[in-house]
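Report on one structure; see the data block that follows.
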Amino acid sequence: MKRLISALAGGLLLTTAFAASAAANRSPSSTSPPITSWQAPAYYTPGPSGRTALTDANAPMPYIPLVPCRQYDSRSTSALPDNTSRTVTLSGAPCGVPTTVGAVAVNITVFNIVGAGSNGVFKVGTSSPPTTAWINYPSTETQRANAGVLTTTGPANIVVQVNQGAGSVDFVVDVFGYYGPTPANASNYFSLNTNSSGYTMFLTNASTTCGGACGIYQFVGSGHAIYGTTNSTLATDASIYGTSGAALGMYGLSTTNIGVKGQTAATSGDLAGVTGYDGTGVTYTGSLNGTAGVYGWGRSGVAGATSSTGSWGVIGMKLTNPSTLGPFGVLGYSTYGVFSFGNTGATGVKSFVEPHPTDAAKVIKYVSLEGPEAGTYFRGSGQIVSGVAVIDVPDNFRWVSDESGLTVHITPVGGPGQVWVESRGLDRVVVRSNRDVSFDYIVHGVRKAFKDFQPVVDGADFVPRSPDATIPAYLSEEAKARLIANGTYNLDGTVNMGTAERMGWAQAWREEAAAAAAHK
């Protein structure tokens, strides 16, 4: 005979199956009750005492099964007298249940019933005396068992008692598992393996008022809070993929380091640690001929903002070796749109743009003056009096210019005259003339910090980044022709591998690929 009982009272959930050998026979099959297994519920939710609505009062706890184990046997101490409470600890040795559990799946057997003058009730609970009936037995019974889930208190304690007049009993408590957030072995982890064509796990929070962590919240003492891998070879598949109908697809917050970190182990093609798209549908089907920490596609590719004084919206930097940062530049700094902490280069022109005064479809675009030196200048007008004029050099020019690189141009204004520069220096320029005339002047110099600047130097600005790179599409046709002429690329735009081997580029690519493979 198998009996099923379901009851909720005093915070105690009973999902009960009597052992067949115990319930069918009034005589015990042995003096030591066997450990009889049963199927415990997958989840347990502790609730308040008394009658409540059918709802979870607390967060459900998962069931962690154990090898069936006898946790308590009264014969090791003494039989339980009637009308006497006894506290039984279900945690610790020999079964290894943690002290932090909320409930324990058990089978309790009463036997060796002696002196029963009336029907007995074996009660179980968390208070003394307990109020919940666990086993009912007639005075003629010698052994009976019941299985279920017990709420515990303290270090996984329960209180047991039989009613007055039921005689003394021996009892054993067999543990099959427990409900709690912590495995008995702290090095174990929760595992869920499926062969589903959809989700492995699907969680829904339909609340419209939840704020903060409403989906999955992860906390770890070290390492990655969320880590995902995929064996898919599809370009659209991701280790971690997030979508949102109105807010953020993925959000990272760190109090000490990096909120979101993206990294790729691939070594060829268009690569990115993080790729972002906006809702404009902007896509790119060509080749960027390189890699990036962050790729951004959209009306604005990558946007960064800061409200902190002295901070930067977007930072770009070069790692010159594993421990030293090289020159870097920022977008959005103080009053600058772009600020470079070091040299700035461009393959095209450097322009400033202003609006056209009458045509909304046009702009005024001026191109920066370019030359083989870091030039400085100041200019103005003067008047020669009694054959001489002195031009005072501004402090700001003197501070940044080298004295050996000065060139002065004088243009008489209003009539002819023989005008010459008698002397020049960073303090003043002396001008003389055979007659008193007005004149315009411009004084050129060279930046003191870059007076030895050389326009032709060794450089890797146009070195291909990989053997499968192609000639950059953004270059001018003249620049492309030079790269083909100097042997960097072939006529079809592919890398000239003969040059790559001779220059050592190919060897560097092989070393980078080996390092990336070792890092996987």
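Over 29 Å between C-alpha atoms is what I'm after, so list which of Lys362/Lys448; Lys318/Lys362; Lys318/Lys448; Lys318/Lys451 land there. Write out the running numbers ahead of the final one.
Values: Lys362/Lys448 39 Å; Lys318/Lys362 37 Å; Lys318/Lys448 26 Å; Lys318/Lys451 25 Å.
Long pairs (Cα-Cα over 29 Å): Lys362/Lys448; Lys318/Lys362.
Translational D (Stokes-Einstein, µm²/s) of the stretch 392-475 at 37 °C and 0.692 mPa s when Rh comes from the Kirkwood sum over C-alpha pairs?
Details: Rh = 16.7 Å.
The estimated diffusion coefficient comes to 197 µm²/s.
In square angstrom, rounded to the nearest 10, how much accessible surface does Thr335 have for a 1.4 Å probe?
Looks like 130 Å² after rounding.
Limiting things to C-alpha atoms, what are the Rg and the maximum Cα-Cα separation (Dmax) for the stretch 142-184, in angstroms?
Cα-based Rg and Dmax for the stretch 142-184 come out at 13.5, 41 Å.
Could you derive backbone 3J(HN,Hα) for the stretch 210-223 from the dihedral phi with the Karplus parameters 6.51, -1.76 and 1.60 (θ = phi - 60°), listing whole Hz in sequence and x where the residue is Gly or Pro?
Couplings: 5, x, x, 7, 10, x, 10, 10, 10, 9, 9, x, 6, x Hz.
Provide the solvent-accessible area of Asp440, counting protein heavy atoms only and rolling a 1.4 Å probe, rounded to the nearest 10 Å².
Accessible surface of Asp440 is approximately 70 Å².
When the convex hull of the C-alpha atoms of the stretch 452-509 is computed, what volume per residue in Å³ does it have? Could you put the intermediate results ahead of the total?
Values: hull volume 5.8 nm³, N = 58.
Here the figure is 100 Å³ per residue.
Counting only protein chains, not ligands or nucleic acids, how are Val367, Val169 ordered by accessible area (probe 1.4 Å), most first?
The ordering from most to least exposed comes out as Val367, Val169.
Which chymotrypsin sites (Phe, Trp or Tyr not before Pro) from the stretch 163-200 combine a DSSP loop assignment with at most 15 other Cβ atoms within 10 Å? Each step should come with its number before you reach the end.
Working: sites: Phe171, Phe176, Tyr178, Tyr179, Tyr189, Phe190, Tyr199; in loops: Tyr189, Phe190, Tyr199.
Answer in residue order: Tyr189, Phe190, Tyr199.
Under a cut-off of 12 Å between alpha-carbon atoms, report the aspartates and glutamates in cross-link reach of Lys123, not counting same-chain residues fewer than 8 places apart.
Hits, sequence-local ones excluded: Asp82.
Ordering Lys350, Lys362 by accessible area with a probe of 1.4 Å, largest first, what comes out? Write out the running numbers ahead of the final one.
Values: Lys350 90, Lys362 115 Å².
Highest to lowest solvent-accessible surface, that is Lys362, Lys350.
How long are the semi-axes of the equivalent ellipsoid of the stretch 298-411, defined as square roots of 5 times the Cα gyration tensor eigenvalues? Whole Å, largest first. Could the numbers behind the result be given before it?
Numbers: eigenvalues 281, 115, 45 Å².
They are 37, 24, 15 Å, listed largest first.
Could you sort Ile216, Ile364, Ile384 by their accessible area in this structure, using a 1.4 Å probe and putting the largest first?
Details: Ile216 105, Ile364 60, Ile384 0 Å².
Largest accessible area first, the list is Ile216, Ile364, Ile384.
What are the radius of gyration and Dmax of the stretch 171-268, computed over its Cα atoms and given in Å?
According to the Cα coordinates of the stretch 171-268, Rg and Dmax are 18.4, 70 Å.
Any idea what the alpha-carbon Rg over 2.2 N^0.38 Å comes to for the chain?
The chain yields a ratio of 1.78.
Could you give me D for the stretch 95-153, from Stokes-Einstein at 4 °C and 1.567 mPa s, where the hydrodynamic radius is the Kirkwood radius over C-alpha pairs? Units µm² s⁻¹, please. Don't jump to the answer; show the numbers that get you there.
On the way: Rh = 12.9 Å.
Answer, rounded: 100 µm²/s.
Stokes-Einstein D for the stretch 414-520 at 10 °C, 1.306 mPa s, Kirkwood Rh over Cα pairs, in µm²/s?
Translational D for this selection: 82 µm²/s.
Quick one: what are the phi-derived ³J(HN,Hα) couplings along the stretch 430-435, Karplus 6.51/-1.76/1.60 with θ = phi - 60°, whole Hz, x for glycine and proline?
9, 10, 10, 8, 7, 8
Just from its helices, what would the mean residue ellipticity at 222 nm be for the chain, if runs of 4 or more DSSP H residues each count -39500 (n - 2.57) and the sum is divided by every residue, rounded to the nearest 500 deg cm²/dmol? The partial results should precede the final answer.
Details: 5 runs with 42 residues, N = 520.
For the chain, the value works out to -2000 deg cm²/dmol.
Percent relative contact order of the chain, based on C-alpha pairs within less than 8 angstrom and at least six residues apart?
Values: 926 pairs, mean separation 48.5, N = 520.
For the chain, the relative contact order is 9 percent.
Heavy-atom accessible area of Leu234 with all protein chains present, probe 1.4 Å, nearest 10 Å²?
Per-residue accessible area (Leu234): approximately 110 Å².
For the chain, find the longest principal axis of its Cα atoms and tell me its angle to the long axis of helix 505-519, 0 to 90°, nearest 10.
Orientation of helix 505-519: about 20 degrees from the principal axis.
The values are calculated or read from the model by the stated rules, or taken from the named source; none is laboratory data. Note that the structure is a prediction, hence the values are computed from the model and not measured. Virtual Cβ from ideal backbone geometry, glycine too; neighbours counted across all protein chains shown. Heavy atoms of the whole protein, side chains included, go into the accessibility calculation; ligands, DNA and RNA do not. Shrake-Rupley method; radii C 1.70, N 1.55, O 1.52, S 1.80 Å.
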